């Protein structure tokens with residue numbers, strides 16, 4: 001019986017658990033969350049301990065994944081669990097489409113309706129959310145979140161812990177730096193630097209836009 005532990009029992013964590021259950025790979029799924037012991041369940045799955053407990057028990061599970069939406073927190077916790085001996089799991093919903101010639105690293109999740117095409121690389125602890133598309137030869141660093149319905153055209157690069165908002169579109173061959181935030185529905189047609197917060201059509205740096 002394969003056992004999966006998920007750190008983080010909030011909304012995102014439940015979607016991770018649902019995708020893991022749908023995959024048919026995991027016969028037992030449990031949560032660890034600092035709301036324990038006050039909370040004992042998240043949806044149909046039990047919460048069996050807190051974060052400290054998981055760090056001590058992670059080697060007992062066949063797979064561990066962090067179900068926390070915040071990019072930096074998710075990546076930091078994934079690294080801490082890996083260092084503690086956890087086998088980081090990759091969760092792919094059966095209705096996602098992943099090219100056999102793409103790669104998805106450990107600790108990442110790919111949800112229903114998402115597409116990852118040939119030559120694309122998804123780093124560690126990433127989220128490719130519902131119906132998002134990552135086209136050919138895109139390169140996503142660790143901790144990236146591509147939100148529901150967002151579309152990355154071919155050859156896009158995205159830096160560590162950047163967030164691409166729901167229904168955003170990124171033109172082919174565009175580079176987005178690390179720790180960037182691309183707003184909901186933004187249309188990105190030019191390179192975006194590290195730490196930018198960009199929105200609109202075309203997307204512009206909100207920190208540099210005068211009222």
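Classify the stretch 92-201 as rounded, prolate or oblate, taking a ≥ b ≥ c as the square roots of the eigenvalues of its Cα gyration tensor: rounded when a/c is under 1.5, otherwise prolate if a/b is larger than b/c and oblate if not.
Numbers: a/c = 1.57, a/b = 1.47, b/c = 1.07.
Here the stretch 92-201 falls in the prolate category.
Pairing the Cα long axis of helix 71-83 with the longest principal axis of the chain, what angle in degrees results, from 0 to 90 and rounded to the nearest 10?
Compared with the principal axis, the helix lies near 40 degrees.
Let me know the shape class of the stretch 3-89, please: from the alpha-carbon gyration tensor, a ≥ b ≥ c as square roots of the eigenvalues, rounded when a/c is under 1.5, otherwise prolate if a/b is greater than b/c, or oblate.
Values: a/c = 1.26, a/b = 1.13, b/c = 1.12.
It is rounded, given that a/c, with a ≥ b ≥ c, falls under 1.5.
For the chain, modelled as a Gaussian network with Cα springs under 10 Å, which listed residue fluctuates most, 125, 198, 70?
It is 70.
Below 8 Å, C-alpha to C-alpha, sequence gap of six or more: please give me the relative contact order for the chain in percent.
Over the chain, the number comes to 11 percent.
Could you rank the peptides 165-172, 188-195, 37-44 by their average count of other C-beta atoms within 10 Å per residue, with the highest value first?
165-172, 188-195, 37-44
Just from its helices, what would the mean residue ellipticity at 222 nm be for the chain, if runs of 4 or more DSSP H residues each count -39500 (n - 2.57) and the sum is divided by every residue, rounded to the nearest 500 deg cm²/dmol?
Calculated at 222 nm, the ellipticity per residue is -4500 deg cm²/dmol.
Measure out, as a whole number of angstrom, how far apart the alpha-carbon centroids of the stretch 82-133 and the stretch 33-74 sit.
With the stretch 82-133 and the stretch 33-74 each reduced to a Cα centre, they are spaced 20 Å.
Quick one: helix 11-23 against the long Cα principal axis of the chain, what's the angle to the nearest 10°, folded into 0 to 90?
On a 0 to 90 degree scale, this one is about 70.
Every read-out reported here was derived from the displayed coordinates using simple, explicitly stated rules and does not represent laboratory data. What you see is a predicted model; the values in this text were computed from it and never measured. In this analysis, Cβ positions are derived from the backbone assuming ideal geometry, glycine residues included, and neighbour counts consider all displayed protein chains.
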